[in-house]
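Input: a single structure, listed below in structure tokens.
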Amino acid sequence: MIRVENLCRTYGVGETQVSALSNVSLHIKEGEFVAVMGASGSGKSTLMNILGCLDTPTSGSYLLSGESIKEIDDVSLSAIRNKKIGFIFQTFHLLTRLSAQENVALPLRYTNTAKQQASERAMAMLDKVGLRARAHHKPFEMSGGQRQRVAIARALVNEPKVIFADEPTGNLDSKTSHEIMELLCTLHQQGHTLVMVTHEEDIAAYAKRIIRMKDGVVIEDSGC
Ligand SMILES: Nc1ncnc2c1ncn2[C@@H]1O[C@H](COP(=O)(O)OP(=O)(O)O)[C@@H](O)[C@H]1O
Ligand SMILES: [Mg+2]
């Protein structure tokens, strides 16, 4: 599913260069639930952004379900994101003017799915995350946990190959965090591939494999 070899990412130029990732090699199989852990600044988000096709590496190779990510342009990159990847963020990233259902339907609208069909599919995804009754509410009318459920439904709507979550519980209280993790576990049991960044041990414990990073390097991988 995901195969990276000797991934490097350097920010800036000349004397101000920062090496955010150096020689990261990983293999993640279909259906895995992986947590990436590490202190602030260890390169977790940089890695996620590259794996999620939001950024490209300075050097090294990345194969996502057999497709090489390095040699493609921005337009193809966004097409791959739309087709193969779902994102969940710490701050939810919902559009405030749209209802839950409209937010979830948005990725389908980008792929030119008919409006009626997109609405129906969005409703089915909201049902899956337990929010059917809130479909017509806007984000500000919902709790943090409900907003994250909407974001999870949106991440699922395109049937992505893999879901990336960067600190998905970072803005939630402890009880809500565990409810969201239960939902992610259910998705894993249903066969979804999940890669999650967290700095909390009790959140990482839900994953089946933990990759630890320090200063841009993988220092431990329970899957190896
Ligand atoms: N856009 C950027 N420009 C310059 N340096 C960056 C940028 N993004 C991240 N960095 C640096 O790269 C390193 C890794 O950052 P990041 O991947 O955000 O770590 P984490 O998510 O683990 O906190 C840090 O030293 C950070 O300061
Ligand atoms: Mg980060």
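Here are the numbers for the structure shown:
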item: In the range 28-85, the residues that are β-branched (V, I, T) and either at pLDDT 95 or above or outside any loop (DSSP other than H, G, I, E, B) (or both); result: I28, V34, V36, T46, I50, V75, I80, I85
item: Residue that is more than 13 Å from ligand 1 (Cβ to nearest atom), surrounded by fewer than 20 Cβ atoms within 10 Å (Cβ to Cβ) and not hydroxyl-bearing (S, T, Y), where the choices are N6, N103; result: N6
item: Residue in the range 186-193 that is away from ligand 2 (no atom under 16 Å from the Cβ) and closer than 27 Å to A39 by Cβ present; result: yes
item: Filtered residue count, the range 39-50, keeping only those that are over 12 Å from the mean Cα position of the chain (by Cα) and either more than 9 Å from ligand 2 (Cβ to nearest atom) or among the aromatic types (F, W, Y) (or both); result: 1
item: Residue list for the range 176-211, restricted to those being in contact (Cβ under 8 Å) with a residue 40 or more places away in the chain and among the acidic types (D, E); result: E201
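The values are calculated or read from the model by the stated rules, or taken from the named source; none is laboratory data. Owing to the predicted nature of the structure, the values given are computational and were not obtained by experimental measurement. Glycine gets a Cβ as well: all are built from the backbone with ideal geometry, and neighbour counts include every protein chain shown.
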